[in-house]
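The values are calculated or read from the model by the stated rules, or taken from the named source; none is laboratory data. Just so it is clear, the structure is predicted and the values come from calculations on it, not from any experiment. Here the Cβ positions follow ideal geometry from the backbone for every residue, glycine too, while neighbour counts run over all protein chains shown. Ligands, DNA and RNA are excluded from the accessible area calculation, which covers all protein heavy atoms including side chains. Shrake-Rupley method; radii C 1.70, N 1.55, O 1.52, S 1.80 Å.
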Amino acid sequence: MHNLYTSNYTIALWNPSIGRTFTLPRPGVTFETHGGFEALLGFGFDSSTQDYKVVRIVRLLEYDEIEIEVEVFSLNAGSWRRITMVAPQYNIVERGSQAFVNGSVHWIATRGDGNGNGDENLIQVLDLEGQGRFRELELPVGLRSESPMFLTVCGYKELTIAVFKRRYLGESESEIWVMEEYGNADSWVRLLTIGMYDGGLPRALGFRGNGEILFELAGGEIVSGDPESFEVTELGLWGEAGYSFVGSFTETLDLLDRTSGFS
């Protein structure tokens, strides 16, 4: 992953099913070519070409206004391709949040000048098929003016998306919103309001296949919660408080026939 202080551009694809790791070639946008920047990654599968793709969105820091560069790595081609010309110039603050749903990668983004002037949150979407097309999904009205640093997008039941609103300092509740009909902004519903539990406010990490929600408690313990019965199940899992992450995984033999870039 990127390291702001050592200019490390190592990005790797890991397939735990076969225990192989593929290291991507150096991307085109670097500190040497563009100066200081912040970067985030997205990952997904292009079913039209049976190709895994990595998306890299870079915000250049040496400009007064938002300047975005976007490049996509194709595993089939083994190279990066710049698509900056079709990318909207929106700020994406939450670098650890993305959702791959319906053939597209989703991020929380902010439309505006990045300085709080007319800023409005939205979900930026990149369709991975073909040349790649950007589009937008609206957030619930109550989340459009929230600080984007406290919003996280994730997949929900494989067909649509959800957004976690984390608490501000001093708040006693957080929220989970679900888009019941993918693409329909009028179908957002608040699935759950989360209050204090076990001495702190649980941090929602993602959904399990059975619809339960994985939460990180204040001490780092990860538990499973039923959004309907409110029952909490201990899983015997612990992480470093504030750093736990949940992602989806599908078994595959992809990368098995790759002959270069492995470690």
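A few comments on the model shown:
- Evaluation of residue 161 against (1) touching a His at 6+ places or on another chain (Cβ under 7 Å); (2) at pLDDT below 95 (one fails), failing number: (2)
Results for (1) open to solvent by less than 20 Å² (accessible area, probe 1.4 Å); (2) in a helix (DSSP H, G or I); (3) more than 28 Å from residue 48 (Cβ to Cβ), shown as yes or no for each residue.
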site	(1), (2), (3)
121	yes, no, yes
136	no, no, no
139	yes, no, yes
145	no, no, yes
186	no, yes, yes
191	no, no, yes
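- Check on residue 237, open to solvent by 60 Å² or more (accessible area, probe 1.4 Å) and in contact with a strand residue (DSSP E or B) (Cβ under 7 Å, 6 or more places away or on another chain): yes
- Residues in segment 85-102 that are touching a Leu at 6+ places or on another chain (Cβ under 9 Å), modelled with pLDDT of 90 or more and open to solvent by less than 20 Å² (accessible area, probe 1.4 Å): 87, 101.
- When residue 211 is tested against (1) part of a strand (DSSP E or B); (2) surrounded by 11 or more Cβ atoms within 10 Å (Cβ to Cβ), only condition (1) is not met.
- Any hit, segment 103-112, residues being closer than 20 Å to residue 153 by Cβ, open to solvent by 60 Å² or more (accessible area, probe 1.4 Å) and modelled with pLDDT under 85: no
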